[in-house]
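Visitor: Just dropping this structure here.
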Amino acid sequence: MNNPILKKSVALLLIITFIILTGCGKKEAGSQQSRSHLGNTGMPGSKATGGYSEDITMEEIKEAVIDILGDNYWPDMKIDSESLAQTYGISPDMYDDYLAECPETSDNVDTLIIIKAKSDQVDNVEKALKNYIEANTSNSDAYSQNDGKTEAARIETFHNYVCFVQLGADTSAASDVSNEAVIDQCLEENERALDAIEKALLR
């Protein structure tokens with residue numbers, strides 16, 4: 001290739017191609033971050049299907065979570081069906097079974113809810129929990145020690161099991177750093193809990 005004009009044209013084409021490919025990569029990364037943020041504010045999670053057990057009990061699922069979180073599992077009071085309907089908008093006609101626990105004391109908000117939804121109610125359960133998270137987040141006190149936990153709450157669906165996790169345990173050390181550090185800690189705990197739930201359902 002002895003033609004200098006042709007050489008310049010090829011070099012320019014390579015540079016333009018590199019810029020386009022780099023820009024697409026950044027756009028995809030940004031899209032992934034946006035999806036992650038939406039998930040953390042209560043959008044329904046991925047609807048994985050197939051291979052999930054129908055025989056496992058709610059207590060067995062909970063024990064799987066406790067096995068992973070240990071002392072970092074703080075919910076210690078069962079949420080009865082009436083409270084589940086009034087507070088979270090999930091009525092008995094929407095599920096076949098459920099487990100829901102929250103803190104006994106009002107200064108803690110760690111909560112685990114697992115709904116085995118009726119086949120035609122999965123979307124409605126997701127919507128109810130999403131609405132709860134949105135209302136809870138908008139009404140939270142920006143200076144509350146639990147603000148990071150409410151922001152990090154997640155919904156994830158495994159076939160007809162709709163899970164709400166708002167965990168994190170002791171966030172005092174993280175709160176001395178920043179609210180973002182609290183959110184990161186709670187997201188990690190929520191992810192560990194969801195991973196334990198999915199593995200239990202796949203047994």
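Visitor: So what J values fall out for the stretch 95-101 if you push phi through Karplus, 6.51 cos²θ - 1.76 cosθ + 1.60 with θ = phi - 60°, rounded to Hz, Gly and Pro as x?
Guide: After applying 6.51 cos²θ - 1.76 cosθ + 1.60, I find 9, 8, 7, 7, 9, 9, 9 Hz.
Visitor: Using modelled backbone amide H atoms (1.01 Å from N, in-plane), which distant-in-sequence or interchain residues come within less than 5 Å of Asn146's amide H?
Guide: none
Visitor: Further question: Between Lys127 and Glu63, what is the label-to-label distance in nm when each label sits 7 Å out along the Cα-to-Cβ direction?
Guide: The modelled label-to-label distance comes out at 3.7 nm.
Visitor: Pop a pseudo-label 7 angstrom from the Cα along the beta-carbon direction at both Ser106 and Asn139 and give the gap in nm to one decimal.
Guide: That separation, rounded to one decimal, is 1.3 nm.
Visitor: Pairs of alpha-carbon atoms within less than 8 angstrom and 6+ residues apart define the contacts here; what relative contact order does the stretch 66-203 have, in percent?
Guide: 23 percent
Visitor: Here is a further query. Can you list residues from other chains, or at least 5 along the same chain, whose modelled amide H is less than 5 Å from the amide H of Tyr98?
Guide: Placed amide hydrogens put Lys116 under 5 Å from Tyr98.
Visitor: What spacing in nm lies between the two simple spin-label points modelled at Ala173 and Asp71, each 7 Å away from Cα in the Cβ direction?
Guide: Inter-label distance under the simple model: 1.2 nm.
Visitor: While we're here: Would you kindly derive the ³J(HN,Hα) couplings of the stretch 119-125 from the backbone phi angles with the Karplus curve 6.51 cos²θ - 1.76 cosθ + 1.60 (θ = phi - 60°), listing them in order in whole Hz, with x for Gly and Pro?
Guide: For the stretch 119-125, the Karplus-derived couplings read 4, 9, 10, 4, 5, 5, 5 Hz, x marking Gly and Pro.
Visitor: Relative to a virtual label point 7 Å from the Cα of Thr87 in the Cα→beta-carbon direction, which members of the stretch 151-168 show backbone nitrogen distances below 20 Å?
Guide: Hits in the stretch 151-168 for Thr87 at 20 Å: 151-156, 162-168.
Visitor: Can you give me the Kirkwood hydrodynamic radius for the stretch 93-203, using every pair of distinct Cα atoms, in Å to one decimal?
Guide: Averaging 1/r across every pair of different Cα atoms and inverting gives 14.5 Å.
We did not get these values from a lab; they are worked out from the coordinates using the rules stated. All values reported here derive from a predicted model rather than from experimental measurement. Every residue, glycine as well, gets a Cβ built from its backbone with ideal geometry; the counts of neighbours run over all protein chains shown.
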